[in-house]
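The values are calculated or read from the model by the stated rules, or taken from the named source; none is laboratory data. What you are looking at is a predicted structure, and each value in this text was computed from that prediction instead of being measured. Cβ: placed from backbone, ideal geometry, glycine included. Neighbour counts: every protein chain shown. We work out accessible area using only protein heavy atoms, side chains counted, and drop any ligands, DNA or RNA first. Shrake-Rupley method; radii C 1.70, N 1.55, O 1.52, S 1.80 Å.
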Amino acid sequence: MNLRLDSFEAYQEAYQKSANDPSEFWNGIASQFQWMKPHHQTQSGSLEGGDVQWFVGGQVNITENALDRHLAERGNQTAIVWEPNDPDHPIQSISYQTLYERVCEMGAALRASGVQKGDRVILYMPMTPELAISVLACARIGAIHSVIFAGFSAQALADRIQDAGASVVITANEGRRGVKTIPLKSTVDHALASCSTVRLVLVQRVTAADCVMESNRDVWLNEFEQRGKGLPCPPEPMDAEDPLFILYTSGSTGKPKGVVHTHGGYMVYTAYSFANVFQYEPGDVYWCTADIGWITGHSYIVYGPLLNGATTVMFEGIPTHPGPDRFWAICAKHRVNQFYTAPTAIRALMAHGEDPVRAHNLSSLKVLGTVGEPINEEAWHWYRDVVGQQKCPIVDTWWQTETGGIMLSGLGALSPQKPAHAGLPLPGIDPVLLSADGTELTGADQEGLLCIRSPWPSIIRTTYGDHERCLNTYFRPFPGFYFTGDGARRDANGLIRVIGRVDDVINVSGHRFGTAEIESAINQATVALESAVVGYDHPIKGQAIHAFVISDRSLDEVEMEAARKDVLAAVERGIGKIAKPERIQFVPGLPKTRSGKIMRRILRKIASGEFDQFGDTSTLLDPSVVDAIKTQAQSTWFVPS
Ligand code: WTA
């Protein structure tokens, strides 16, 4: 298989080909994979109908392409290098042969326990090799995996388990993050009190800590895996359009939705984009620092790299443990060639200065990637100059859980570089900017709503259990286009800069949260009658959350401190620590229109310290609350120094 374009001209040619004849273009790429049965139609359905399908009639199993296909040529090559939280603990290097065997064992054990094609399996795990193995074992037997980031609360976990109707949960007794341990199994127990569908819980022993094991339900993962030893585990034949996984992500309204991806299209697109964006060459060591709980980890720690026969690094810990040079120490230790992280991590490490970077030999680095949020120019330059020593291209990769793979990005060193610009689209991707009324903006430097005009193989297929919601969110706002929810600009050379969300999604440290979701968690605090949250610019996190809360009584200073803690605890219970508001402001009222709609525009301005020009406030029910909120905010967070 060779998916990699090796010059800018080759990229331009591929792009042209993909535009002229998308079917032929994607057929050429799909034909490099191993199919159990070829497709009879490359693509059916349309963006207009929100019913896009790819490689229709084809049968395939993504794990056969990620594992079996490599055994003859690179069975002994390392597939996964696992770097533990504690740098003094031993690393694990898992060859393609061993990974294949362990996935087959685990898959066979799951099959033997009654898990069938189409069943949903929840993975709530730390970043251990067993997480990757479990993901692949599910895919192998056609079970639909749904990885829930291990920082989510019991309530958030329960919501997702219920929505997915899962029968199995795989977890660990505890996770390790820096000096902390995270009590995963007890969180699962808590969640399962309200989930009747789960009949089996597999528990990896990560730390020495005890945990409660329920005899009819809970099994230690290592013992469970043994049950599959020696059993055959042929890959389940999957229709190209059969679901591979559900991944929950936040939107502007309601609870997080389960984004569904498939075996066929997702496989083709993640493999193709990985090979090209990172310009991965055989023998390279690639490291993506994301957690497999997010789409970046799915597509670019597990599937994309393994489909390409790459060596992929998996890191259990955090960037600052035991010191702020940990990332660079790992890059040097494993001679990492492609490094992929988030702007928030770059900014946090930048704050520690250049010494931690200079302390390590980073000469192996060839390509540096970023993902998850806009990267500011200062961080971009630091990444390029200090980490990359000016010899590595930066690939600023724009994409989403819903797009499955990278959509806009440079391809290694092939493409033009411009700070804070994701740049050009990948072959097969047709981005457009629309005005609010749906007019296409074609001029240079115009800002518009980023939409995609033609289908690509890894486009979201549905939101699990609620296709209407999928249509309403992505396909109906601008008929004939996929709507991203992001705003962007394009310069005279066609390079695109993604500015950020235009909807009620807040991106905190590269993690997506819906305002509605946070507000409903806050409203569970006894002190909170009502709330509204907005995002504001934060030097490290990109955006942080400012919560405006109406309390059930007037609060003095001391009571206010306690009330703040209540609100934080409610967010921690409802979602998890990762969604905690940076600021909590108790307000006498919220700026509502006569029809009861909160004017977030005004709250966003206040949270950003912009206290004049609120625009038209004449439709507000009680304009005086704006002054009250403004005065409070000003005196608390914007006191001139
Ligand atoms: C934002 C993460 C600017 C964007 C892969 C998008 C970015 C949301 C970039 C998706 C980037 C992601 N530049 N913004 N390079 N990458 N975003 O689903 O707002 O967790 O809509 O997927 O992150 O977040 P998600």
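Data for the structure
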read-out: Charge sum, other residues only, whose C-beta stays under 12 Å from Ala158's C-beta, Lys/Arg counted +1 and Asp/Glu -1; value: 0
read-out: Antiparallel DSSP beta bridges within the chain, percent to nearest 5; value: 60
read-out: Average accessible area per residue (Å²) across the chain - probe 1.4 Å, nucleic acids and ligands excluded; value: 37
read-out: D (Stokes-Einstein, µm²/s), Kirkwood Cα radius, the stretch 1-83, 1.567 mPa s at 4 °C; value: 85
read-out: Rg over Rh, two decimals, the chain (C-alpha only, Kirkwood Rh); value: 0.95
read-out: Listed peptides 307-317, 222-232 by packing density, highest first (mean Cβ within 10 Å); value: 307-317, 222-232
read-out: Per-residue ³J(HN,Hα) for the stretch 115-121, Karplus 6.51 cos²θ - 1.76 cosθ + 1.60, θ = phi - 60°, Hz, x for Gly and Pro; value: 6, 10, 3, x, 5, 9, 10
read-out: Prolate/oblate/rounded call for the stretch 473-630, Cα gyration tensor, a/c under 1.5 rounded; value: prolate
read-out: Arg489 accessible area, 1.4 Å probe, all protein chains in place, Å² to nearest 10; value: 80
read-out: By average C-beta atoms within 10 angstrom, highest first, the peptides 214-221, 430-437; value: 430-437, 214-221
read-out: Pairs of Cα atoms farther than 13 Å apart, the stretch 34-75, %; value: 62
read-out: Leu568 accessible area, 1.4 Å probe, all protein chains in place, Å² to nearest 10; value: 50
read-out: Above-threshold pairs, the threshold being 18 Å between Cα atoms, out of Lys541/Lys580; Lys185/Lys565; Lys605/Lys630; Lys391/Lys418; Lys592/Lys630; value: Lys185/Lys565
read-out: Around Trp26: net Lys/Arg minus Asp/Glu count, Cβ-Cβ under 15 Å; value: -3
read-out: Helix-only mean residue ellipticity at 222 nm for the chain, each DSSP H run of n ≥ 4 adding -39500 (n - 2.57), per residue, nearest 500; value: -8000 deg cm²/dmol
read-out: Cα gyration tensor shape of the stretch 388-470, rounded if a/c is under 1.5, else prolate or oblate by comparing a/b with b/c; value: oblate
read-out: Apportionment of accessible area to carbon and sulfur, the chain, percent (1.4 Å); value: 49
read-out: The chain: relative contact order in percent, alpha carbon pairs under 8 Å with at least 6 residues between; value: 13
read-out: Environment charge at Thr63 (Cβ cut-off 10 Å; Lys +1, Arg +1, Asp -1, Glu -1); value: -1
read-out: Gained length - Asp437 relative to His40, 0.36 nm times residue gap less alpha-carbon distance; value: 139.1 nm
read-out: Equivalent-ellipsoid semi-axes of the stretch 319-459, from the Cα gyration tensor, Å, largest first; value: 32, 15, 13
